[in-house]
1. Considering each of B:190, B:245, B:214, B:260 in turn, give the residue that is open to solvent by 30 Å² or more (accessible area, probe 1.4 Å) and either within 14 Å of chain A (Cβ to nearest Cβ) or over 17 Å from the mean Cα position of the chain (by Cα) (or both).
2. In segment B:117-140, which residues are surrounded by fewer than 21 Cβ atoms within 10 Å (Cβ to Cβ) and within 20 Å of the chain's Cα centre (by Cα)?
3. Any residue in segment A:145-166 that is within 23 Å of residue B:230 (Cα to Cα) and in the same structural domain as residue A:220 (by TED's automatic domain parsing)?
4. Looking at segment A:149-172, which of its residues are within 9 Å of chain B (Cβ to nearest Cβ) and either at pLDDT 95 or above or not in a helix (DSSP H, G or I) (or both)?
5. Can you name every residue in segment B:155-175 that is within 14 Å of chain A (Cβ to nearest Cβ) and not aliphatic (A, V, I, L, M)?
6. Does residue B:141 satisfy the criteria of being part of a helix (DSSP H, G or I), β-branched (Val, Ile, Thr) and either within 14 Å of chain A (Cβ to nearest Cβ) or touching a residue at least 60 places away in the same chain (Cβ under 8 Å) (or both)?
7. Considering only segment A:233-263, how many residues are crowded, with 19+ Cβ neighbours inside 10 Å, within 8 Å of chain B (Cβ to nearest Cβ) and at pLDDT below 90?
8. With respect to residue B:230, determine if the residue is surrounded by 19 or more Cβ atoms within 10 Å (Cβ to Cβ) and either more than 9 Å from chain A (Cβ to nearest Cβ) or at pLDDT below 90 (or both).
Amino acid sequence: MTTLLLRRAIRVLVVCVGVSLITFGILQLSGDPVALMMPEAPEADRAKLREAMGFNDPVALQFVRFVGNSIRGEFGKSFYYRAPALDLVLERMPTTLTLTVLALGLAVLVSIPAGIYSAVYRYSLLDQIVTVVVFLGQSMPVFWTGIMLMLLFAVQWRLLPVSGWEGWQFMILPAVTLGTFQAPLLLRIVRSSMLEVLGLDYVRTARSKGVSEWIVICRHALVNAALPVVTVTGLQFGILLGGAVITETVFAVPGVGRLIVRAILQLDFPVVQAGVFLLAMIVVTVNFVVDVLYAYLNPQIRVR
Amino acid sequence: MDAQTLAQPAPATVEVGRAAARSRVYRKLVRHPMTIVGGLILLVVFGSAVLAPLVAPHDPAKQSLIRRFTPPYWAKGGDVRFALGTDQVGRDILSRILHGARISLLVGVCAVTVSLVVGVTLGLFSGFLGGWVDTVVMTVVDVTLSFPQLLLALAFVAVLGPGLGNIILVLGLTGWERYARVVRAEVLALREKDFVEAARAVGAGPLRMLSRHLLPNTFSSIIVLSTLQVAQAILQEAALSFLGLGTGSAYPTWGQMIALGRDFVTVAWWLPTFPGLAILLTVLAINLVGDRLRDALDPRAT
């Protein structure tokens with residue numbers, strides 16, 4: 001277990017270096033960042049800025065400096081807000097995490113019971129409905145789902161606010177939107193892993209011992225079906241955050257996603273780099289935790 | 001006896017087997033009503049993409065301020081000539097949707113082709129060579145998976161500049177890791193199979209092993225994955241357009257139509273609704289066909 005932890009930790013470190021390399025690359029790929037930042041400035045001013053920002057140094061040196069700075073949380077000042085980029089991102093992080101956790105919670109709350117039901121009563125009417133809903137959910141662009149919900153609940157029926165983030169009633173539509181983005185996938189996995197487990201010998205043994213069906217499902221089957229659910233949630237966390245970015249833009253939620261999208265459109269590179277880097281770090285952390293959890297939950301790996 | 005006859009069963013049986021398998025796949029595909037529904041929708045979308053200039057009732061760029069915000073024909077104040085209504089500058093929504101199909105399909109198919117080439121190549125070598133090649137490729141996969149794909153694509157489109165080519169390139173290069181993982185896993189499993197062992201025993205070289213024995217056996221996974229990835233790429237392109245970094249031209253795209261429609265959602269519900277339905281139907285059709293394809297091509301399923 002210790003060696004496994006250590007191996008995973010080293011892997012995380014390597015991935016972190018890779019993440020910084022790509023974040024760093026965003027700026028490098030633009031060719032001349034200064035030209036993007038001040039397209040109308042005279043060449044002399046540009047040259048001055050280039051020198052001041054260290055763009056004339058060798059790329060390798062710039063990268064090492066970037067990694068050093070990002071470890072200390074130094075991403076520079078936002079060109080637009082004139083404030084440290086990291087602070088801007090951190091200020092908005094709780095909002096984004098609240099939205100993500102709410103959505104994930106909603107998705108889990110709906111998809112686990114529904115997934116179990118449609119696995120246990122396979123080919124029943126409800127199972128068929130679930131299958132259709134999963135297909136529809138996976139085919140809807142998340143921003144469109146958001147706008148349609150907004151159209152119905154905020155514009156047509158005036159039950160909820162259109163956009164903003166000033167109280168619990170503002171959170172409902174964004175959370176539901178992001179939840180419908182995540183739920184179909186979870187549902188699909190719960191259903192298929194339950195189907196797989198329900199056909200195994202140990203479940204049949206439990207049934208033949210006379211254990212009640214309810215206990216067989218919850219104690220025997222669900223526990224084992226939970227493993228793939230946890231893994232996939234971890235693996236797909238980046239996609240969920242991507243969905244959060246769009247949802248925030250649709251509902252004008254003042255989160256990290258909306259900040260980054262704006263920064264990208266304004267070519268405010270320090271904010272883009274700080275935001276993208278931090279979101280990636282969250283994904284890396286979640287994946288690491290899931291990995292360890294997986295190893296812990298799965299006796300086959302734990303022994304090794 | 002040369003390597004091939006040893007490594008594979010007699011050619012005649014292979015042909016018969018393949019033909020039988022093909023008709024089995026075909027029957028399984030056609031038997032399901034959802035495949036037919038999906039196929040028909042795709043045919044319509046594909047048809048309107050190709051024939052857009054011919055079938056569109058109006059010029060998608062033609063503005064008219066008198067006609068702005070005409071509702072769909074069945075609603076009060078609707079006009080049959082503008083079946084799905086007009087937008088904030090009086091352009092015909094139906095015509096714009098028909099033209100938008102071109103961008104969606106083009107980006108979807110091209111981006112997936114880029115991902116496919118990169119991902120399959122890396123996956124094949126990673127699985128076949130193992131060792132440090134495998135470590136490097138898998139680390140790169142881990143790194144790419146750590147970013148929300150959409151944000152990465154958005155950032156790269158921003159620095160490279162909007163445009164059809166850049167969108168295809170960026171979506172292609174941020175979406176290849178699934179191919180790499182799937183192909184690598186298949187190659188790892190195939191390496192243990194007897195026929196691969198046999199081919200190696202009779203001295204098949206690495207290139208021959210890859211091209212004749214390993215790659216063909218990953219085809220069904222690649223086909224299924226590609227179908228589903230086209231759907232994903234269409235959604236991603238729409239999202240990029242929605243966020244304001246699309247093709248950068250005046251040519252209509254579904255995502256851009258929804259983005260504009262969002263601003264007028266309180267006065268004209270049809271603006272964002274219909275382009276979204278077009279995306280939904282297209283992606284749904286591709287998913288339906290892809291899912292059936294997976295069932296039909298899976299040799300384990302009966």
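The values are calculated or read from the model by the stated rules, or taken from the named source; none is laboratory data. From a predicted model like this one, the values you see are computed outputs, not experimental measurements. With ideal geometry, Cβ positions are generated from the backbone for all residues, glycine too; neighbour counts draw on all protein chains shown. Calculation scope for accessible area: heavy atoms of the full protein, side chains included, ligands and nucleic acids excluded. Shrake-Rupley method; radii C 1.70, N 1.55, O 1.52, S 1.80 Å.
1. Of the residues listed, the single one that is open to solvent by 30 Å² or more (accessible area, probe 1.4 Å) and either within 14 Å of chain A (Cβ to nearest Cβ) or over 17 Å from the mean Cα position of the chain (by Cα) (or both) is B:260.
2. B:117, B:118, B:121
3. Scanning segment A:145-166, I find at least one residue that is within 23 Å of residue B:230 (Cα to Cα) and in the same structural domain as residue A:220 (by TED's automatic domain parsing), so the answer is yes.
4. Within segment A:149-172, just A:162 meets the criteria.
5. Listed by number, the residues that qualify are B:156, B:161, B:162, B:166, B:174, B:175.
6. Against the criterion (part of a helix (DSSP H, G or I), β-branched (Val, Ile, Thr) and either within 14 Å of chain A (Cβ to nearest Cβ) or touching a residue at least 60 places away in the same chain (Cβ under 8 Å) (or both)), residue B:141 qualifies.
7. Final tally of qualifying residues: 1.
8. Against the criterion (surrounded by 19 or more Cβ atoms within 10 Å (Cβ to Cβ) and either more than 9 Å from chain A (Cβ to nearest Cβ) or at pLDDT below 90 (or both)), residue B:230 qualifies.
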